[in-house]
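Take a look at the structure set out below.
A short reminder: the numbers here are calculations on the coordinates, not readings from a lab. Remember, it's a predicted structure, so these values are computed and weren't measured experimentally. As a convention, Cβ positions derive from the backbone with ideal geometry for all residues, glycine included, and neighbour counts pool all protein chains shown.
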Amino acid sequence: MTEARPGAVTSDRPVRAPVQLPPAPSVLLGRSAELRRLDDIRLRSDPAPSVVVLTGVGGIGKTALALHWLHTHRAQFPDGILCARFSAEGTETAESASGVLHGFLAALGIPADDIPASLAQRAAEFRAVTADRRFAVLLDDVVHSADARAVLPSSAHAFVLVTSRSQLTSLALDGAEILPLSPLPDQPAREVLVRAGQRQISQADAKDLLTACAGLPLALAITGARLRTRPRRKPHQEARRGRVRPVGDFPALATVFDASYAALDDSAARLYRTCGILPGPHHAVDALADTPQSSPARLDDAVDELIEANLLHELEDETVAQHDVVRHDARVRAERQDAETDRRYLVHRYIRWYRDQTVTASALIHPFRPNFAAETVAATGSFADRDHAVNWSRRDRPVINAVAKAASAHGWDEELWQLAEASWGFFLHHRDYEPFLELCTAGIEAARRCEQPLVEARMHSQAGFVCDQLGRYDEAAAHNAVTLEIGEREQHGPTQASALSRLARNARRQQDWEAALELYERSARKHAEAGLPRGVGQARYRRGEVLIKLGRDDEALRELAEATVILDEEGDVVQHARAVISLAAIHARRGGYRRARTELLEALEDVKRLQSPHFQAEILTALADLERGHGDETSAQRHLDEARRLRGDSVEPPH
């Protein structure tokens, strides 16, 4: 063979088939979907090598997944599997792209004297000697896309797995698939813990340990190992230590993010810490824009930088979130680096942003009851229409509940009662009972501390309604009595009128029909005195319902006819539809099936436009009753099935 000139690109040398794989993990749990995705990518017939970036926070199991898959598919790579480790920490095992190529060429049988000196020449030589070969490459813990790009082969039969704490998005330009890894769900996480610990763990202890490990396979394995080697240690003690104690060569969980955090610029680092202290399971980007002291453009750059570093992940609708373990790290860093006054300012501003948005959305979702909060909170102009406000409220309801709890914890009573009051309209249509009752109960105390008696009365009225729907009738009656007492003391007609209507509902629950009729009549008069015709219409249709119970259909028809006219004029689609339900029942009993059906279907179409699953379900149930009475069991069942689906969406009460 002719001696090769140093630096020359050659491809006619005999090439070995080295397998440089480290040992596979003993078991891999909870990654079936990712393994299937890797299989699908391998089977594609592309003219370029397959490149996959396994990305996620430190300790999430990127390398374990890569090794498991490569060991499983070793037979599919007869020309070898090459492995190299890059590293952000600059450890002794870390390599540069040039050093990696030198090692690969040597492993493939290229004499050291024949390996070119420059990075570009080594890359060209590597591609030449591996052209058309069926082999795999593992590039572990890559920091920069350029390092991975320099080592990419050209063979269409090659498969390259890259692991990185960063998403290495620019590798997508080279055809790479970016495959983010999330923390393990509870069931596989518990299996990892039990296998590593080799002992049984109670449900309560497992919950504490899973919370401490936050779904990170490395943390779960280390925690299990510590429990195995320290058999006298109680699991709850290990849960307390899990985030802060290293084991042997493995770092403490608290230090897993140090390298990623150190690489952030100041704006991204500040946003990272801010997200850690803000309440709620996710954050609207608009809300974040109102919180950090930076321009929108810089915020977008900071968000992108955190997403690239896997310290933030994108959800739908311009929202972002942090995994629990990332959130914990961000909060700890904020508590260490940012003054308490600064943290309180950011949280307070965030809460006020959500208060303003909730009050604005409420005016669109349920315009029939003006909020006391609207007297001091300016509308934001954020919502194009009611549908937009409903969709925002549905998306951010968990955040609003979390924001309200944070307001309570910080003693910000005004924002707390304003959130509770403004959440009423959305609740009426979606009926998330228990969280809303908790919010109203907190709102009662907040309004009392703010010396806002009419607001306090409104909170009692809301709480009374929820208690009634949950079957807690004595509590409902107590709340409604307080509402009436405050209304009379303050000489506030609308509050008295609302309380009388609620008390009439209590009388109906006790089947005291005559008392209910009287109370609804008093409510109608109070509403009329206050210049609130919608309240009059509601009282009339409710009197009609009671009269139907008493078998007095002629009187009921008069009340309901008056109610539908008033409610239609007031534009209250929901209450008009409820009056129509009662009217349709009378028409059906009198042989007017077609009329009743037409009225109900028209009401259903009107309510659908409100995105109101609860009230759609009410009309569908009425349609089912009508069809069953007419002998059409198939249609009745179809309506009931749809009503059940909608009630599932709106969290119907358990009675």
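Structural remarks
- Near Glu177, the amide H atoms lying under 5 Å from its own belong to Val51, Val52, Val53; only residues 5 or more places off or on other chains count, and H is placed 1.01 Å from N.
- This structure gives Cα Rg over 2.2 N^0.38 Å, computed directly, and of [x] 1.27; [y] 1.65; [z] 1.02 that value is listed as [x].
- The chain, helix-only ellipticity at 222 nm - DSSP H runs n ≥ 4, -39,500 (n - 2.57), divided by all residues, nearest 500: -19500 deg cm²/dmol
- Peptide ranges 358-365, 102-109, 201-208, 226-233 listed from the most packed, as the mean C-beta count within 10 angstrom indicates: 358-365, 102-109, 201-208, 226-233
- The angle separating the long axis of helix 386-410 from the principal Cα axis of greatest extent in the chain is about 80 degrees.
- Charge dipole of region 556-631 (Cα centre as origin; +1 on each Lys and Arg Cβ, -1 on each Asp and Glu Cβ, all else neutral): 460 debye, rounded to the nearest 20.
- Spatially close Lys pairs in the chain, defined by Cα atoms under 29 Å apart and a spacing of eight or more places or different chains, total 5.
- Farthest positive-ward along the chain dipole, Cα basis, beta-carbon charges - from Tyr541, Ile400, Gln357: Ile400
- Across the chain, Cα pairs under 8 Å and at least six residues apart give a relative contact order of 8 percent.
- Whole-number percent relative contact order across region 32-180, with pairs defined as alpha carbons under 8 Å at least 6 apart: 38 percent
- Charge-dipole axis of the chain as Lys and Arg at +1 and Asp and Glu at -1 on Cβ define it, positive-most pick from Gln167, Cys450, Leu416: Gln167
- When the Cα positions of His282, His73, Ala156 are compared along the charge dipole of the chain, His73 comes out farthest toward the positive end, with charges on each C-beta of Lys, Arg, Asp and Glu.
- Total charge dipole magnitude, the chain, about the Cα centre, Cβ charges on Lys, Arg, Asp, Glu only, Debye to nearest 20: 2040 debye
- Per-peptide average of other Cβ atoms within 10 Å, ordering 27-37, 436-446 highest first: 436-446, 27-37
- Of the peptides 375-381, 452-458, 584-590, the order by per-residue mean of other Cβ atoms within 10 Å, starting with the highest, comes out as 452-458, 584-590, 375-381.
- Taking the C-alpha atoms only, the angle from helix 473-489 to the longest principal axis of the chain is near 70 degrees.
- Rounded to the nearest 5, the antiparallel percentage of DSSP beta bridges internal to the chain is 20%.
- Tilt relative to the chain, helix 62-72 - C-alpha long axis, 0 to 90 degrees, to 10: 60 degrees
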